[in-house]
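What follows draws every value from the coordinates through simple rules; no lab data is involved. These numbers come from a predicted model, not from an experiment. Cβ coordinates were reconstructed from backbone atoms using ideal geometry, including for glycine residues, and neighbour counts include every protein chain displayed.
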Amino acid sequence: MPRFRRTALAAALTIVTAALSTAVALPAPASAALPTAAVALGDSFISGEGAGAYTPVVDVNGVAQGFPGWTAPNNNAFFCHRSANASLNQANLPGVQNRFNLACSGGQPHDIATASVAREKGRTVASQIDQMRAVAQTQDIDLVLIGLGSNNSSFTFGSVAEKCANRFIADAWTGWWEFWAYLGGPVEQKPCSDADLATAAQLSAATAETTAAVRQLLTALDQVDADGQHRVVFQDYTNPLPMDLNPTYHTEDGRDDTRDKFRDLGAERYAAGCPIHRASLMPGHRFSQGLGTLVKSTRDTLAAEFPTADLVYLDVQRAFDGARLCESSTSPTGALATPIRLQDSPNGTFVTSLSGKDKIAIQRIANTCVSYFQTCQESWHPNATGHQVLGQCLSGAATTSARAVACVRAGDGTISVS
């Protein structure tokens, strides 16, 4: 074959081969899809406080902290109390392969974008956004559960609970004259009022603080989520105590909580898990409702700012109806929340009865909580069964087409989300 013909043929073959390659070229191998994940962020009602089975928590130095002992500093990362029984781990979440609990007991809006250790009484963990970024490196985040607002720069759930319980204990065990004789002046013994828990100005400030923190979270989530598709559930709070105590706990030995010194009644209510004045209960529920308004307002504001975001408000304020502490005569048995838990020194043994104890013993027990907060921080939080209920609430919120749903417990114990 003449050389020019061989050259022409070779050129023609080259053109045909190139054309075929263009027509039937296979795409480049796609990167493997990341496993799907649900992530929890926020404070104790999300982390699983009160539910036991607490897992090690990685601190800011990358060290996994297991239980450090009852006398360890309370800022230890372990005391974030991330529970294997937390609602995130008990919810039915179709399509979600992995779950990551990044919430921390005592968490505040500050801790979303800034390391908790950077503030007073914060724990030694990285910011929750940084922890979420680390998860997103290997996971496709499809669901985020966030519970935030009950702790903030203006007030904290722990301080509110401590104030009302301490007033009741002081009123029950010590007469007014003893305060003057031994302490040189009056000590609060009256029931908590609305203003004692959170003023309108404080709730407004807390709402702004929470909204700013979650705004940063949503911005970061949009940046790190593999496919940009995710639902964010804003859960509010449920009160561990009823609107009124079961009549069993109204009086004891002919005394109610409106008179000076009522130790038998005080011991009875403590054993049942509700050392509190009856008159403090409704302010407490209005406080819970205020937190609900805070969370819903945060969700609504951010929904307007992020119009394409999938944001759902989950109202759980009636999730414990009929099973709150001291709502039945068998409390704390059958309740969905933990009773007040105190220790007489940081020894791991909870005091279940104050019967027969004098005011000196009462003061010593109360001081243990002050000095070693980890000995009492589980108090008045959902227990493992309570988190199971909250998990059912989350299951409903994860699949709803509505932008706001309420989770309600019926008289027979069934849970509905609508």
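Just checking my list [x] 27.2; [y] 45.1; [z] 18.4 against mean projected area of the Cα convex hull in nm² computed from this structure; which label fits?
Given [x] 27.2; [y] 45.1; [z] 18.4, the structure-derived one carries the label [x].
Neighbouring Cβ atoms within 10 Å as the yardstick, rank 83, 204 fewest first.
204, 83
Using a Gaussian network model of the chain with C-alpha springs under 10 Å, which one of 122, 292, 228 is most mobile by mean-square fluctuation?
228
How far, in degrees from 0 to 90, does helix 200-224 lean away from the longest principal axis of the Cα atoms of the chain, to the nearest 10?
Rounded to the nearest ten degrees, it is 20.
How much length is gained if the chain between residue 70 and residue 333 is pulled fully straight, taking 0.36 nm per residue apart and subtracting their Cα-Cα distance, in nm to one decimal?
92.1 nm
Restricting to DSSP H runs of at least four residues, report the calculated mean residue ellipticity at 222 nm for the chain, -39500 (n - 2.57) per run over all residues, nearest 500 deg cm²/dmol.
So the helix-based figure for the chain works out to -12000 deg cm²/dmol.
Run the quick spin-label model on residue 401 and residue 163: label points 7 Å from Cα toward the beta carbon, then report their separation in nm to one decimal.
Taking the simple label geometry, residue 401 and residue 163 are separated by 4.5 nm.
Could you please rank 47, 401, placing first whichever residue has the fewest other Cβ atoms within 10 Å of its Cβ?
Listed from fewest to most nearby Cβ atoms, that is 401, 47.
For residue 259 and residue 212 in the same chain, what is the full-extension length gain: residue separation times 0.36 nm, less their Cα-Cα distance, in nm?
Gain in length upon complete extension: 12.4 nm.
Exposed loop sites here are trypsin sites (Lys or Arg not before Pro) in DSSP loop states with at most 15 other C-beta atoms within 10 Å. What is the longest stretch of the chain lacking them?
Between the exposed loop sites, the longest stretch runs 260-402.
Under 28 Å Cα-Cα from residue 359, which lysines qualify once same-chain neighbours fewer than 8 residues away are excluded?
Those lysines meeting the cut-off are 163, 190, 261.
On full extension of the chain, what length is gained from residue 309 through residue 286, given 0.36 nm per residue of separation minus the C-alpha to C-alpha distance?
Gain on extension, residue 309 to residue 286, equals 5.3 nm.
So how do 34, 197 line up by other beta-carbon neighbours within 10 Å, fewest first?
The order, fewest Cβ neighbours first, is 34, 197.
Which value, in debye to the nearest 20, describes the size of the charge dipole of the chain about its Cα centre when Lys and Arg Cβ atoms bear +1, Asp and Glu Cβ atoms bear -1, and nothing else is charged?
That gives a dipole near 1200 debye.
With each label point set 7 Å from Cα along the Cα-Cβ vector, what nm distance links residue 119 and residue 193?
Distance between label points: 2.8 nm.
For region 265-340, with the dipole built from +1 on Lys and Arg beta-carbon atoms and -1 on Asp and Glu ones, taken about the Cα centre, which of 276, 303, 338 lies farthest toward the positive end?
276
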